[in-house]
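Below: one structure, written as structure tokens.
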Amino acid sequence: LVSGGPFASIEAGWQFTCAVATAGNVGHCWGANTKGQLGDGTTTDRLTPTPVKGGADIPFDSMTAAAEHACGVTTTGVGYCWGDNLNGRLGDGTTTARLSPTLITGGLSWVSVSAFDVHSCGVAADNVPYCWGGNGNGQLGDGTTTNRLAPTGISGGPSYPSVMTGNFHTCAVDGLNAAFCWGRNFEGQLGDGTTNQRNVPTAVTGSLLVAAVSPGYLHTCAISAAISASSVVYCWGRNAEGQLGDQTLTQRNAPTRVAGQK
């Protein structure tokens, strides 16, 4: 049994991991801590799960681990981030690094938060998405390339029950199971059939209906809306290492069916 467990959920970041314990919904992190990304009030690396500062007083429902920062949403919808704050990725209105959980500014009630390298995004209780942090590739989806220190609404005011961050791009699924992506696109990771950067949500080509979408470093994958034996996985973007699973090393600018599925 891992120290601090059992755990209800877990997520691996870059050189560190965070998880929510079933007992008291206490957040735990371990691994590299040079930027305070473990949230325990120090910059000391930890070899075993270590409670995030605040313990049971900050009962997490979910946590997300990025490169050098992490975020979490409590059981009552309160959002926190901690760690490195370059470009405002913690969403607290500053660029000051935080060694322990710090409230995301704005007073919003959150359903979920997703963090990657230089930016973070979340879905508020009314399914309205917000993003903050680095925006040099339009990954915040607000129609600009301006960094944001606080949650900023995505252009168009759409309703997205699910928003997920990738390295320099972001993807979402709307209430009709349509997929949208925005941000960096030089290897086709937005799936819109081009390699053009998009600063606002742009529909993934092919009228693909999805249940979930997962943007990564330079590629993206999604599972079709029918969660059953007939569900199909599609991927698009960089494929030089075979990460699209289509039995080739060919870049794909549009959703491509992963091989071997019935």
Which whole-Hz ³J(HN,Hα) couplings does segment 237-246 yield from phi under the Karplus relation 6.51 cos²θ - 1.76 cosθ + 1.60, θ = phi - 60°, glycine and proline marked x?
-> x, 4, 9, 5, 10, x, 5, 7, x, 9
Where does each of 82-89, 98-105 land if you order them by average Cβ count within 10 Å, highest first?
-> 82-89, 98-105
With a point put 7 Å past each Cα toward its Cβ, work out how far Ala23 is from Leu249 in nm, to one decimal.
-> 5.0
So what is the relative contact order for segment 26-104, in percent, with contacts set as C-alpha pairs under 8 Å and at least six apart?
-> 28
For the chain, the per residue accessible area (1.4 Å probe, Å²) is 41
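Among 154-162, 124-132, 32-40, how do they line up from the highest to the lowest mean number of other beta-carbon atoms within 10 Å?
Result, highest mean first: 32-40, 124-132, 154-162.
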Mind grabbing the base-10 log of I(q)/I(0) for segment 51-160 at q = 0.11, 0.14 Å⁻¹? Debye formula, identical points on the C-alpha positions, no solvent, two decimal places.
-> -0.29, -0.47
Of all the accessible heavy-atom surface of the chain, with the other protein chains kept in place and a 1.4 Å probe, what percent is carbon and sulfur?
-> 53
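The values are calculated or read from the model by the stated rules, or taken from the named source; none is laboratory data. The shown structure was predicted, so the numbers you read here are calculated from the model rather than taken from an experiment. We place every Cβ from the backbone using ideal geometry, glycine too, and count neighbours over all the protein chains shown. Areas reflect the complete protein model, heavy atoms only, side chains present, ligands, DNA and RNA absent. Shrake-Rupley method; radii C 1.70, N 1.55, O 1.52, S 1.80 Å.
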